[in-house]
Amino acid sequence: MVSAGWGWLVEADDFWLEYVDARGDPHEGPLEVMWSARFEAAGQVRTFPSYRGQRNFAGWYWAATGAELVGYESWVELGQLMRLDCDPGVVAMASQPFRLSWRSGGRARRISHTPDYFVRRRDGTGVVLDVRPDDRIEPEDAVKFEVTAAACARVGWGFERVGVLDPVLAANLRWLSGYRHPRVRREPVTAELRAAFARPRGLLAGVRAVGDPIAVLPVLFHLLWRRELAVDLEAGLLSAATQVRTVPVVAEEAGASPHWRHLAMSTDEEGFRAFHAEFMRRLPNESSLRTTSKPWFIHQLRVIAHSIQAAAEQAALPASQP
């Protein structure tokens, strides 16, 4: 059983998940059966309400990540959407991705909760987000967040409850988001800007070194949005003197990400089960394995994970070491 705050008890095997796929078809089933679906491509399982006197503002945000519209239900959610869209580690996100329900304390009535976002990160991991300002969390909401976090942990997802963005960060993201569309990018200006900021320098000084600021600034803002050039977006509002620098290019690791390697090598059965489900989601077998082949297949997954880990550790050693 999963223990939550206020003495609530939730049957761990009672988590039930409902979602709507990209075609609009509904699906439902136990969490540990349904979790491998591509929730980052799911439709909204609930629509946003609209009524006279409504105090929150719902709408649609065009996300450069995925080039699609993503819903938001408040200005707070819009701020978090921009933050996700500007994060190079995020490859997809969906609003109102599923409804999770459970029974508590032996009661017949099910309790349900619909998280605000499902995020797929570049390394393949999933993160569930609830957006709620700190001063608007009622005790019942806190319990739902805690139980949702416990459910996510069972299938290897991360869970975050986020609130209002720092106002300086929010203002900078709003400005840069106006330059997020790929059409803003222009060559060879992008290469010239990288060269101009090979060493940190003031924003406007680097732009003027490339050409007419009216033509160059939009490209610079696009590169800042994509994090191909870097600034501290929380230190202050963007200005002519803001220090801009290049972002080191880090080659992606060959093989599985550290997160999935850790789960593949884990002696914890729940962790390995999460890895195995993700492996089958990405590389499904063309036909079902015979019962006698399954232990061999699982053993080979562990062997490969250990081999990749050993190679990664060897590559990280200083050149002077054997």
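The sole residue among Gly206, Gly124, Gly163, Gly158 that is touching a helix residue (DSSP H, G or I) at 6+ places or on another chain (Cβ under 8 Å), surrounded by 15 or more Cβ atoms within 10 Å (Cβ to Cβ) and at positive phi is Gly124.
Against the definition (part of a loop (DSSP other than H, G, I, E, B) and touching a residue at least 40 places away in the same chain (Cβ under 8 Å)), how does Val76 come out, yes or no? Answer is no for this residue. Being over 23 Å from the mean Cα position of the chain (by Cα), at pLDDT 90 or above and polar (S, T, N, Q): is that true of Thr267 here? For Thr267, the condition - over 23 Å from the mean Cα position of the chain (by Cα), at pLDDT 90 or above and polar (S, T, N, Q) - is not met.
Condition check ((1) open to solvent by 30 Å² or more (accessible area, probe 1.4 Å); (2) within 19 Å of the chain's Cα centre (by Cα); (3) at pLDDT 90 or above) across all residues:
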| residue | (1), (2), (3) |
| --- | --- |
| Trp6 | yes, no, no |
| Glu40 | no, yes, yes |
| Gln44 | yes, yes, yes |
| Thr47 | yes, no, no |
| Tyr61 | no, yes, yes |
| Thr65 | no, yes, yes |
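Does region 92-107 contain at least one residue that is closer than 30 Å to Pro30 by Cβ and in contact with a Pro (Cβ under 6 Å, 6 or more places away or on another chain)? The answer is no; no qualifying residue exists.
For region 99-109, state whether one or more residues are open to solvent by 20 Å² or more (accessible area, probe 1.4 Å), of a type in the set (D, E, K, R) and within 23 Å of Gly163 (Cβ to Cβ).
Yes, region 99-109 contains at least one residue that is open to solvent by 20 Å² or more (accessible area, probe 1.4 Å), of a type in the set (D, E, K, R) and within 23 Å of Gly163 (Cβ to Cβ).
So which residues in region 133-148 are closer than 30 Å to Asp232 by Cβ and open to solvent by 30 Å² or more (accessible area, probe 1.4 Å), if there are any at all? Result: Asp134, Asp135, Arg136, Ile137.
Residues of region 90-99 that are assigned to a strand (DSSP E or B), more than 19 Å from Gln54 (Cβ to Cβ) and in contact with a Phe, Trp or Tyr (Cβ under 8 Å, 6 or more places away or on another chain): Met93, Ala94, Arg99. Considering Asp130, Asp87, the condition of being part of a loop (DSSP other than H, G, I, E, B) and either over 26 Å from Leu229 (Cα atoms) or open to solvent by 10 Å² or more (accessible area, probe 1.4 Å) (or both) is satisfied by Asp87 alone.
The values are calculated or read from the model by the stated rules, or taken from the named source; none is laboratory data. Just so it is clear, the structure is predicted and the values come from calculations on it, not from any experiment. Note that each Cβ is placed from the backbone with ideal geometry, even for glycine, and that neighbours are counted across all protein chains shown. Protein only, heavy atoms only, side chains kept; ligands, DNA and RNA dropped before computing areas. Shrake-Rupley method; radii C 1.70, N 1.55, O 1.52, S 1.80 Å.
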